[in-house]
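Read the structure below first, then the notes.
The values are calculated or read from the model by the stated rules, or taken from the named source; none is laboratory data. Everything quoted here is computed from the prediction, not taken from an experiment. Virtual Cβ from ideal backbone geometry, glycine too; neighbours counted across all protein chains shown.
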2 protein chains.
Amino acid sequence: MFDFQLLKKSKKSRARLGLLKTPHGQIKTPAFITVGTKGTVKSLTPQDLDAIGTQMVFINTYHIVLSPGVDVIEKAGGIHTFSGIDTPIITDSGGFQVFSLARNSKVGTKHKNELNSEEQPPHFVAITDDGVEFRSPRDGEMFYFTPEFSIDAQRRIGADFAVAFDECLYYGADYKKTEKSLRRTHDWAQRSLQVHKVQSQKSIKQEMYGVIQGGLYEDLRRESVKFISSFPFFGLAIGGVSVGETKKEMRDQIGWVMDELGDDPRPRHLLGIGEFDDVMDAVVMGIDTMDCVIPTRHARMGRFYVVQSPESYGEVDILKQVYKKDFAPIDEICECYTCHHFTRAYLHHLFKQRELLAYRLATIHNLFFMEQLFENIRESI
Amino acid sequence: MFDFQLLKKSKKSRARLGLLKTPHGQIKTPAFITVGTKGTVKSLTPQDLDAIGTQMVFINTYHIVLSPGVDVIEKAGGIHTFSGIDTPIITDSGGFQVFSLARNSKVGTKHKNELNSEEQPPHFVAITDDGVEFRSPRDGEMFYFTPEFSIDAQRRIGADFAVAFDECLYYGADYKKTEKSLRRTHDWAQRSLQVHKVQSQKSIKQEMYGVIQGGLYEDLRRESVKFISSFPFFGLAIGGVSVGETKKEMRDQIGWVMDELGDDPRPRHLLGIGEFDDVMDAVVMGIDTMDCVIPTRHARMGRFYVVQSPESYGEVDILKQVYKKDFAPIDEICECYTCHHFTRAYLHHLFKQRELLAYRLATIHNLFFMEQLFENIRESI
């Protein structure tokens, strides 16, 4: 039911062409995975996703746990039924958001029952080897994320793919901190897999990605690849690369991991990467799938993707006054719904007036652009 | 090219069945006209409108004049081309918004060049027999709406139907004020028609509605009907009925107008009315079309239209906690996209999280509901 076939390897680079099979359909790789944070790709219906050609959607466990709650999704019959999204879906572990919260909060090492009330600031996050406890920024409810909690939540959400719970360290952590964090991530990977194994025996239709960490340190990254890839994860995800690094550091980290992975035939997912140059380089380095909020987030800011010259991509800022009377579409040859039906002048008007339709038309265009970009990438391999 | 055929008159009431023909298609009447204020039915594409079965869209000249400006629409080739909306379109005169602005502003009777700078508050509105001058609340730009300005703007916007420029008086104005205002409205009707006549000689494809005013006073309403209907307007609109009146006052005013109109075969549009009981009563009293923001505005507040019992309609407030785990659609037998694909639980989640998709799915439902309601009304005549 789940399968990943490597169809072709590039002769010029490490790029690879593949086919990822899931109960909800096949994904041609390399592929861009669209983010649908809270169980909706912002402003779009599943019908829009079909028209765009969206191959897979990435949903955030952290957000779903906080609202509407995993019990609601489970009772609905899973995230596909709940959201109406019928593409394959992957959920993350929640770790990224929980540790982002920690970076902006007072961080402690005590659990709730060890604290007196004065020690509990609104976003308190307590990190231990067991897991992460925090207070929801929304309503003050306490949550306790552990590998067991995350994998159980992901099973109940019911996406095609789950991701092991990992510690996503802040940028610039020193060697000692990173090494300690990596031990924790590796321990949590095993605990995650253990829960997953039990689930598999109950014929849950879900596969799991392990997460490779190791920060900016080559030996730790290589060690993480060796460790994580030694376990029977269906796929391998690379984490911590998107957290504020320079472009060179990002490429170094991906490079070490890819080098160490060698011919490992499993699908490789790069977490949180989606700028044009990063996407192109990631594919060349052997990444199969990647997710990112940038195409949809920029769309909602009025930044429309365009081809600037062959293999050079950029953005049109539709709010600029120059587009007020520009009656051409965003892109003459783009075949998306937006470019087929609307001019820059109309889109400028909608964005100026903050009309709801603006965000949707821009999102359709940018996501269609990404799917076309990856179609071209696949053809070039 | 333009035509209105009366197909049938009810034997039980003054309700009438008709067919309104325009260059952009036919409208079966009685019909609900969807509001697309700024050249977009909030959150919906023209494709959505097709799927809903929207028959006609009502666009506000005031908003278009302020932004993006009539020159932009004209240069685009008219509002149909600009917005992509391919149903018949009607624009109003701008009077309603301008006089709403006056109600919330310091109102004077001097023109800009008669004022010193201290006399110019941000929203200053000067009303004279010639027209209305005001400062845009958006950017301070001065505008001067006259019958000539409004009709010229409406021609350049290029909807199928334009509406004569009228004074829309505030609720509760006394007899003397109403009488004076009515004289002005009648004068402006003639001036509007004069501009329209010149345009018609240039084979502009647009027809015009005259506006009947007269406030809460029976003799003034009847006088207005006699006066306005004596001119060769294509259709007749009833104004000033939606401005804060009680239900009884509203019905009285419509009643007097309908009584006085008698067998006049022209289409009758009721401006700004759209609550369920008002809609039903308006049809029974002989109204052919009516527009209102309520179905779309309530949609964006999470208030979904439902049938409560035969001929009794109400709303579901989807933000209520009781819908958190309600996995039924809004309406089991509704055939709209929203009810076919999504549960109350999902819609509750989207509204709670203020997800953009929420507003669209609710708008689709409420507009589909209105089209179905009018389909049923037509069948019952």
What's the number of the only condition in (1) on the phi < 0 side of the Ramachandran plot; (2) of a type outside the set (D, E, K, R); (3) within 12 Å of chain B (Cβ to nearest Cβ) that A:HIS24 fails to meet? (3)
Does B:THR22 qualify as being modelled with pLDDT of 95 or more and touching a Leu at 6+ places or on another chain (Cβ under 7 Å)? no
Just a yes or no: is a residue in region A:258-280 closer than 28 Å to A:ASP3 by Cβ, touching an Asp or Glu at 6+ places or on another chain (Cβ under 6 Å) and not in a loop (DSSP other than H, G, I, E, B)? yes
Please verify whether A:THR40 is of a type in the set (S, T, N, Q) and closer than 29 Å to A:PRO68 by Cβ, treating the condition exactly as stated. yes
Contact list, first residue from region A:174-185 and within 13 Å of A:ILE127 (Cα to Cα), second anywhere and surrounded by 13 or more Cβ atoms within 10 Å (Cβ to Cβ) and of a type outside the set (Lys, Arg), beta-carbon distance below 6 Å, six or more apart or interchain, is A:SER181/A:GLU167; A:SER181/A:LEU169; A:ARG184/A:GLU167; A:THR185/A:ASP166; A:THR185/A:GLU167; A:THR185/A:GLN213
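What tally of residues in region A:7-24 results from selecting those that are surrounded by fewer than 19 Cβ atoms within 10 Å (Cβ to Cβ) and either in the same structural domain as A:ILE381 (by TED's automatic domain parsing) or in a loop (DSSP other than H, G, I, E, B) (or both)?
Of all residues in region A:7-24, those surrounded by fewer than 19 Cβ atoms within 10 Å (Cβ to Cβ) come to A:7-14, A:19, A:21, A:23-24.
Next, from what is left, pick out any that are either in the same structural domain as A:ILE381 (by TED's automatic domain parsing) or in a loop (DSSP other than H, G, I, E, B) (or both): A:10-14, A:23-24.
Number of matching residues: 7.
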Of all residues in region A:237-257 being assigned to a helix (DSSP H, G or I), among the aliphatic types (A, V, I, L, M) and touching a strand residue (DSSP E or B) at 6+ places or on another chain (Cβ under 8 Å), which is farthest from A:PHE32 (Cα to Cα)? A:VAL257
If B:SER43 satisfies every condition in (1) under 13 Å from B:ALA159 (Cβ atoms); (2) assigned by TED's automatic domain parsing to the domain that holds B:ILE287; (3) among the polar types (S, T, N, Q) but one, which is the exception? (1)
Taking region A:84-126 on its own, how many of its residues are touching a Ser or Thr at 6+ places or on another chain (Cβ under 6 Å), over 22 Å from A:GLU148 (Cβ atoms) and at pLDDT 85 or above? 2
Kindly establish whether B:GLY131 is more than 26 Å from B:THR22 (Cα to Cα), surrounded by 20 or more Cβ atoms within 10 Å (Cβ to Cβ), at pLDDT below 95 and not assigned by TED's automatic domain parsing to the domain that holds B:GLY39. yes
Go through (1) under 19 Å from B:LYS8 (Cβ atoms); (2) touching a Pro at 6+ places or on another chain (Cβ under 8 Å) for B:LEU261 and report which single condition fails. (2)
Based on what the data block shows, is A:MET285 assigned by TED's automatic domain parsing to the domain that holds A:THR45 and out of contact with any Cys (no Cβ under 8 Å at 6 or more places or on another chain)? yes
Residue list for region A:1-34, filter: of a type in the set (Asp, Glu) and closer than 24 Å to A:ILE52 by Cα: none
Filter result for A:LEU193 (among the aliphatic types (A, V, I, L, M), in contact with a helix residue (DSSP H, G or I) (Cβ under 6 Å, 6 or more places away or on another chain) and under 21 Å from A:ASP129 (Cβ atoms)): no
Any hit, region B:232-251, residues being at pLDDT 95 or above and either over 25 Å from B:LYS9 (Cα atoms) or of a type in the set (S, T, N, Q) (or both): no
Looking across region B:322-342 at residues that are more than 11 Å from chain A (Cβ to nearest Cβ) and in a helix (DSSP H, G or I), the single one that is nearest to the chain's Cα centre (by Cα) is B:CYS339
For region A:252-275, does any single residue satisfy the condition of being under 30 Å from A:ALA328 (Cα atoms) and crowded, with 18+ Cβ neighbours inside 10 Å? yes
Per the filter on region B:208-232, residues assigned to a loop (DSSP other than H, G, I, E, B) and surrounded by fewer than 24 Cβ atoms within 10 Å (Cβ to Cβ) are B:LEU216, B:TYR217, B:SER230, B:PHE231, B:PRO232
What residue, of A:ALA345, A:ALA299, A:ALA362, is among the hydrophobic types (A, V, I, L, M, F, W, C), touching a Gly at 6+ places or on another chain (Cβ under 7 Å), within 14 Å of chain B (Cβ to nearest Cβ) and not in a loop (DSSP other than H, G, I, E, B)? A:ALA362
Output for region A:91-104, where each listed residue is in contact with a His (Cβ under 9 Å, 6 or more places away or on another chain) and buried (at least 24 other Cβ atoms within 10 Å of the Cβ): A:GLY94
Top-ranked residue in region A:149-183 [being of a type in the set (Ser, Thr, Tyr) and touching a helix residue (DSSP H, G or I) at 6+ places or on another chain (Cβ under 7 Å); ranked as nearest to A:SER242 (Cα to Cα)]: A:TYR170
When residues of region B:25-45 are limited to those that are in contact (Cβ under 8 Å) with a residue 60 or more places away in the chain and out of contact with any Leu (no Cβ under 8 Å at 6 or more places or on another chain), the one surrounded by the fewest Cβ atoms within 10 Å (Cβ to Cβ): B:GLY25
Which ones in region A:49-101 are within 11 Å of another protein chain (Cβ to nearest Cβ), in a helix (DSSP H, G or I) and within 16 Å of A:ASP152 (Cα to Cα)? A:HIS63, A:ILE64, A:LEU66, A:ASP71, A:VAL72, A:ILE73, A:GLU74, A:LYS75, A:ILE79
Given (1) more than 14 Å from chain A (Cβ to nearest Cβ); (2) surrounded by fewer than 21 Cβ atoms within 10 Å (Cβ to Cβ); (3) touching a residue at least 24 places away in the same chain (Cβ under 8 Å), index of the condition B:LEU319 fails: (1)
Pairs, please: C-beta under 7 Å, at least 6 apart or cross-chain, first residue under 16 Å from A:PHE231 (Cα atoms) and not assigned by TED's automatic domain parsing to the domain that holds A:MET208 and in region A:248-272, second surrounded by fewer than 16 Cβ atoms within 10 Å (Cβ to Cβ) and among the hydrophobic types (A, V, I, L, M, F, W, C)? none
